[in-house]
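The values are calculated or read from the model by the stated rules, or taken from the named source; none is laboratory data. This one's a predicted model, so the numbers in the text were calculated from it and none came from an experiment. Cβ placement follows ideal geometry from the backbone for every residue including glycine, while neighbour counts extend to all protein chains displayed.
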Amino acid sequence: MITRIGVLGAGQMGNGIAHVFAQFGYEVVLYDIASAQLDKAVATIQQNLDRQAKKGAIPQELIKETMGRITTTQDMADLAAVDFAVEAVTEYEPLKLEIFRKLDSIIKPEAYLASNTSSIPITKIAAVTSRPEKVIGMHFMNPVPVMKLVEVIRGHATSDETFAATAELVARLEKEMAVSQDYPGFIVNRILMPMINEAVFALYEGIATAEDIDKGMKLGTNQPMGPLTLADFIGLDTCLAIMQVLYDGFKDPKYRPCPLLVKMVNAGYMGRKSGRGFYTYQ
């Protein structure tokens, strides 16, 4: 029975994943190498729970209960007793592979390992562990407490037991599951990122301003936010990393990252998190 969850990475995705698991009754161990990031994650979870309570989405007493189920650590060894671990670190393949090698040697043999990767092959991640049949992709959408979808990706060796355990977790979190084959970008980013990349090309080629590109897609296709605003929200470095995975994985020129996207990331313009992307933020 899965009762204790490990979450690796206390950034935007990691704190959201820790939040929902704790909210739905799971004991959560949240790991990050940086104490400041852990402190920020705990504060963010508290703020988001307060916001949910003010909107009437959760009862006020659930806030204290949820926060009480979360412990933080800078020592990966503290994840040894978890039943299910979700990795949510930066979308950088060498780092993910290193984490899975180390995690595999720490947690108990019967535990499951999931990656929140939005594009990196689960089969490749699983292959660096001694338990590839217990490795699966569990791609949450951002912001995790709000978005209802979890994209579940079976690696080449993922067992039916692992898939069933993951599907049950998704249901217990009151989310919907979309199942993808293990190919670059899976479902959502295979479709979404080329759209964002094409919007960057439209800006790069001088077709329209960022504001008019976003207005056109919002009002013309009824999207909640324009593609360039969304790119800033996701993080331009993450968008670029996913486009590079698609380009490398398919060797198809239609996935070539826009030179403007590359230049902006090289300049440190990452979007909302850096204060500047296609728009400027306070």
**Subset tally (residues that are within 30 Å of residue 156 (Cβ to Cβ) and not small (Gly, Ala, Ser)) for the stretch 181-228** = 16
**Prompt:** Is there a residue in the stretch 76-84 that is buried (at least 21 other Cβ atoms within 10 Å of the Cβ), in the same structural domain as residue 135 (by TED's automatic domain parsing), farther than 23 Å from residue 146 by Cα and modelled with pLDDT of 95 or more?
**Reply:** yes
**Message:** Here is a check on your reading of the model: is residue 238 buried (at least 22 other Cβ atoms within 10 Å of the Cβ) and either at pLDDT 95 or above or not in a helix (DSSP H, G or I) (or both)?
**Reply:** no
**Request:** Would you mention how many residues in the stretch 241-254 are of a type outside the set (Asp, Glu) and outside any helix (DSSP H, G or I)?
**Result:** 1
**Request:** Please name all residue pairs, on different chains or six or more residues apart, with Cβ atoms under 6 Å, provided the first residue is in the stretch 192-212 and is without any contact (Cβ under 8 Å) to a residue 24 or more places away in the chain and the second residue is part of a helix (DSSP H, G or I).
**Result:** 202/213
**Prompt:** Only one of (1) β-branched (Val, Ile, Thr); (2) within 22 Å of residue 135 (Cα to Cα); (3) surrounded by 18 or more Cβ atoms within 10 Å (Cβ to Cβ) is not met by residue 70, so which one is it?
**Reply:** (2)
**Message:** Need the failing condition index for residue 257 against (1) at pLDDT 95 or above; (2) of a type outside the set (D, E, K, R); (3) over 21 Å from residue 141 (Cα atoms); (4) assigned to a helix (DSSP H, G or I), just the number.
**Reply:** (4)
**Request:** Mind telling me which of the residues 117, 158, 123, 129 ends up being buried (at least 21 other Cβ atoms within 10 Å of the Cβ), β-branched (Val, Ile, Thr), over 27 Å from residue 273 (Cβ atoms) and assigned by TED's automatic domain parsing to the domain that holds residue 28?
**Result:** 158
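Looking only at the stretch 39-82, which residues are assigned to a helix (DSSP H, G or I) and among the aliphatic types (A, V, I, L, M)? Full working, then the answer.
Residues of the stretch 39-82 assigned to a helix (DSSP H, G or I): 39-54, 61-68, 76-79.
Selection gives 41, 42, 43, 45, 49, 53, 62, 63, 67, 76, 77, 79.
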**When residues of the stretch 179-227 are limited to those that are part of a loop (DSSP other than H, G, I, E, B) and among the acidic types (Asp, Glu), the one surrounded by the fewest Cβ atoms within 10 Å (Cβ to Cβ)** = 205
